[in-house]
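A.B. asks: Dropping a structure here in structure tokens format, bear with me for questions.
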Amino acid sequence: MILLETQNRVLEEILRLRFDNKGGKHEGIDITVADFDGVLFHISNPDGDKSKLRISISLKFYADLQKHGADGLIQKIYGEHVVAAESSMYDISIQFDLDNLPDNKEEWITKVAYLKRNCFASVFEKYFDIQAQKKEEKETAIIHYREKETMYVAAQKDRVTVIFSTLFMDDDDIIIGKVFMQEFREGRRGSSTAPQVLFSHREPPLELKGQDALVADNVGYITFVLFPRHFDAKTRANTIDLIHTFRDYLHYHIKCSKAYLHSRMRARTTAFLQVLNRARPEKKDQPKKTFSGRAFVQK
């Protein structure tokens, strides 16, 4: 299966083009880039200064992430490049002086392209650290990352549980989604180190008892049970990369599966029509003719 890219490719290419400007003359820029989960990036020149490049991000759920240390993590990663948000529409702004860029330009391009991921990472870093200290956090992190769709993160003494609630727009999506979840469960047979994955339809899992979990026919809950081996020093970054994009990954492959099924159905229908056309019967009242052209009438 295809894994979605963690970084924003468009943002990455724009930054590389601006950072590698060999002509010396800076050009103005004002671009808005959309990402999954309603996230928006805005690349512009502050106050019209073409030698300065500002990247801003808007996340509708950033207030939820702030409760779990998002501001501190962003400041730690981007340091002096973090500036005041350009407007109330955006949550974070990062600025570069194109005449005085850092030596490790490629590293900074990657960091900025991972801005959305790093915002998400704050809640995972917090709860992974709590579990690493063998503590149990009574408060469950609730991130409303999409309208009527929520992510829950909880830490116990021996594990961290991550639960996604997601809406299925069509009945077909539920069926295909269940097939995908079955494949994830089967995946544990091939790898003993894979996390446990659970799927429930309509009703939220018991871990969400007392929460504002939605109950509906088109709601599914996906639970990941992560153990210390899944978020130690070597695997933590990769775990965060994969799990924060899981909802988008699931729905992307559901849509791809439906598109493939539809293409196969159209191809089969075309084949059936060709068979029917070749099997068209002759008209009974049409007179038969001999080789010489005379009409032949059977009495």
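The values are calculated or read from the model by the stated rules, or taken from the named source; none is laboratory data. Keep in mind it's a predicted model, so treat the numbers as computed, not measured. Quick reminder, even Gly has a Cβ in these numbers, built from the backbone with ideal geometry, and neighbours come from all protein chains shown. The protein model used for the area step is the full one, side chains on, heavy atoms only, and it has no ligands, DNA or RNA in it. Shrake-Rupley method; radii C 1.70, N 1.55, O 1.52, S 1.80 Å.
A.B. asks: Using a Förster radius of 35 Å, what is the FRET efficiency between ALA34 and GLN274 based on their Cβ-Cβ separation? Nearest 0.05, please.
C.D. replies: Values: r = 43 Å, r/R0 = 1.22.
The calculated FRET efficiency here is 0.25.
A.B. asks: Here's something else I'd like to know. Placing +1 on the Cβ of each Lys and Arg and -1 on the Cβ of each Asp and Glu in the chain, which of ALA85, ALA141, VAL162 has its Cα farthest towards the positive end of the resulting dipole?
C.D. replies: Working it through, the farthest residue towards the positive pole turns out to be VAL162.
A.B. asks: By how many nm would the segment from LEU167 to GLN133 lengthen if fully extended, with 0.36 nm per residue of separation less the alpha-carbon distance?
C.D. replies: Difference between extended and current length: 8.8 nm.
A.B. asks: State whether the stretch 124-208 is rounded, prolate or oblate according to the following rule on the C-alpha gyration tensor (a ≥ b ≥ c being the square roots of its eigenvalues): a/c under 1.5 gives rounded; otherwise a/b larger than b/c gives prolate, and the remaining case gives oblate.
C.D. replies: Judged from the Cα gyration tensor, the stretch 124-208 comes out oblate (a/c at least 1.5, b/c at or above a/b).
A.B. asks: Stretch ASP158-GLU203 to full length: gain in nm at 0.36 nm per residue minus the Cα-Cα span?
C.D. replies: Roughly 13.7 nm would be gained on extension.
A.B. asks: Then there is this: What does the net charge come to around LEU273 if you take all other residues with beta carbon closer than 12 Å to its beta carbon, with K and R at +1 and D and E at -1?
C.D. replies: Result for the local shell: +4.
A.B. asks: Mean residue ellipticity at 222 nm from the helices of the chain, using -39,500 (n - 2.57) per DSSP H segment of n ≥ 4 over the full residue count, to the nearest 500 deg cm²/dmol?
C.D. replies: Dividing the helical sum by the residues of the chain leaves -12000 deg cm²/dmol.
A.B. asks: Please give the per residue accessible area of the chain, computed with a probe of 1.4 Å over protein heavy atoms only, in Å². Intermediate results must be reported in sequence, preceding the final value.
C.D. replies: On the way: 17960 Å² over 299 residues.
Heavy-atom SASA per residue in the chain reads 60 Å².
A.B. asks: Run the numbers for ARG264 and ASP71: contour at 0.36 nm per residue of separation, minus the present Cα-Cα distance, in nm.
C.D. replies: 64.6 nm
A.B. asks: What is the set of long-range amide H partners of GLN196 at a cut-off below 5 Å, with H atoms built 1.01 Å from backbone N?
C.D. replies: Sorted by chain and number, the residues that satisfy this are VAL225.
A.B. asks: What trypsin sites (Lys or Arg not before Pro) in the stretch 1-49 are in a loop by DSSP, with at most 13 other Cβ atoms within 10 Å of the Cβ?
C.D. replies: Sites meeting the loop and neighbour criteria: LYS22, LYS25.
A.B. asks: Still on this structure: For the chain, set up a GNM with springs between Cα atoms under 10 Å and report which of THR223, THR269, THR239 has the largest fluctuation.
C.D. replies: Highest fluctuation of the listed residues: THR269.
A.B. asks: Then there's this: Based on the mean of other Cβ atoms within 10 Å per residue, sort peptides 101-109, 226-234, 185-193 so the most packed one is first.
C.D. replies: By packing density, highest mean first, the sequence is 226-234, 101-109, 185-193.
A.B. asks: Considering the options ASN118, THR150, SER191, tell which one lies farthest towards the positive end of the dipole of the stretch 97-219, charges being +1 on Lys and Arg and -1 on Asp and Glu at the Cβ, about the Cα centre.
C.D. replies: It is SER191, whose Cα lies furthest towards the positive end.
A.B. asks: So, one more: By the scheme Lys and Arg +1, Asp and Glu -1, what is the net charge of all other residues having a beta-carbon under 12 Å from that of TYR114?
C.D. replies: Overall, the nearby charge balance is -1.
A.B. asks: Hey, got the dipole for the stretch 167-231? About the Cα centre, +1 on K and R Cβ, -1 on D and E Cβ, debye to the nearest 20?
C.D. replies: Values: 7 positive and 10 negative charges, 110 e Å.
Result for the stretch 167-231 is approximately 540 debye, rounded to the nearest 20.
A.B. asks: At a 10 angstrom cut-off on C-beta neighbours, averaged per residue, how do the peptides 252-260, 143-151 rank from highest to lowest? Walk me through the intermediate numbers first.
C.D. replies: Numbers: 252-260: 14.2, 143-151: 17.9.
Most protected by this proxy first, the peptides run 143-151, 252-260.
A.B. asks: Something else now. Place a +1 charge on the Cβ of each Lys and Arg in the stretch 34-169 and a -1 charge on the Cβ of each Asp and Glu, then give the dipole magnitude about the Cα centre in debye, rounded to the nearest 20.
C.D. replies: 480
A.B. asks: Looking at the square roots a ≥ b ≥ c of the eigenvalues of the Cα gyration tensor of the chain, which shape do they give, rounded for a/c under 1.5, prolate if a/b is larger than b/c, or oblate?
C.D. replies: Since a/c reaches 1.5 but b/c is at least a/b, the shape of the chain is classed as oblate.
A.B. asks: Carbon and sulfur together cover what percent of the accessible area of the chain at a 1.4 Å probe radius?
C.D. replies: On the way: 9330 of 17960 Å².
Its accessible area is 52 percent carbon and sulfur atoms.
A.B. asks: What translational D, rounded to a whole number of µm²/s, comes out for the stretch 63-147 from Stokes-Einstein when the hydrodynamic radius is the Kirkwood one over Cα pairs, at 37 °C and 0.692 mPa s?
C.D. replies: 224
A.B. asks: Continuing with the same structure: Among the helices of the chain (complete DSSP H runs), which have Cα atoms covering no less than 27 Å along the helix axis and a Kyte-Doolittle mean of at least -1.0? Can you show the working numbers first?
C.D. replies: Numbers: long enough: 171-190 (30 Å, -0.72); 246-278 (48 Å, -0.55).
Span-like helices here: 171-190, 246-278.
A.B. asks: Okay, next question. Treating only the Cβ of Lys, Arg, Asp and Glu as charged (+1, +1, -1, -1), what charge dipole size does the chain show about its Cα centre? Round to the nearest 20 debye.
C.D. replies: With only Lys, Arg, Asp and Glu charged at Cβ, the dipole is about 2500 debye.
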